[in-house]
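Values in this text are rule-based calculations from the coordinates and carry no lab data. What you are looking at is a predicted structure, and each value in this text was computed from that prediction instead of being measured. Glycine also receives a Cβ, built like all others from the backbone with ideal geometry; neighbour counts cover every protein chain displayed.
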Amino acid sequence: MSMVNPLARARGHGSAKEGVHHWYAQRASAILLVFLVGWMVYSMFRLAGTGHAEAVEFISSPINAALLVVLLVSLFYHAMLGLQVVIEDYVHQPSVGVVLLLLTRAGAYIGMAIGIIHVLKLSVV
């Protein structure tokens with residue numbers, strides 16, 4: 001039986017005050033992705049069998065371009081949050097975990113930027 005006060009034993013292992021925000025952000029992005037992926041699947045079926053010009057015309061519509069940008073951003077954001085949880089749970093060396101978290105964030109932001117640039121490039125044609 002330990003004589004250490006339970007509060008002293010728990011110090012440094014308590015809430016970081018960020019878990020609820022992370023949980024809500026992941027759920028909100030998942031719900032948003034359900035609708036956006038549904039729109040994307042519908043759009044892909046609608047564009048099936050058409051040529052490049054019709055696809056560019058589809059993306060040139062401001063609503064479709066905006067929805068595609070929101071899809072890309074929410075997809076990469078959701079993936080970043082999910083990978084963060086996996087890294088935090090299964091990587092036990094702090095230095096490796098920090099590097100992986102930085103690489104994950106950098107990859108997500110680079111993917112968002114590249115996707116947005118290409119959508120804008122196609123929609124401004």
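Note that the stretch 51-65 has calculated 3J(HN,Hα) couplings of x, 5, 4, 5, 5, 5, 5, 4, 6, 5, 5, x, 5, 5, 5 Hz, one per residue in order, obtained from phi through the Karplus relation 6.51 cos²θ - 1.76 cosθ + 1.60 (θ = phi - 60°); glycine and proline are x. Modelled this way, with points 7 Å down the Cα-to-C-beta line, the labels at A79 and A113 are 1.6 nm from one another.
How high is the relative contact order of the chain, in percent, with contacts defined as C-alpha pairs under 8 Å that are six or more residues apart? Let's see the in-between values first.
On the way: 61 pairs, mean separation 40.8, N = 125.
Over the chain, the number comes to 33 percent.
The angle separating the long axis of helix 94-123 from the principal Cα axis of greatest extent in the chain is about 20 degrees. What the phi angles of the stretch 34-47 give under the Karplus curve with 6.51, -1.76 and 1.60, with θ = phi - 60°, is a coupling list of 4, 6, 5, 5, x, 4, 5, 5, 4, 5, 5, 5, 5, 8 Hz, glycine and proline written as x. Here the translational diffusion coefficient of the chain follows from Stokes-Einstein with Rh set to the Kirkwood radius across Cα pairs; for 20 °C and 1.002 mPa s it amounts to 122 µm²/s. Extension gain, S43-E57: 0.36 nm per intervening residue step, less the Cα-Cα distance, totals 3.8 nm.
Label separation (E88 vs T50): 4.2 nm, computed from points 7 Å beyond Cα along the C-beta direction. The charge dipole of the chain, taken about its Cα centre with unit charges on the Cβ of Lys, Arg, Asp and Glu (plus for the first two, minus for the last two), comes to roughly 340 debye.
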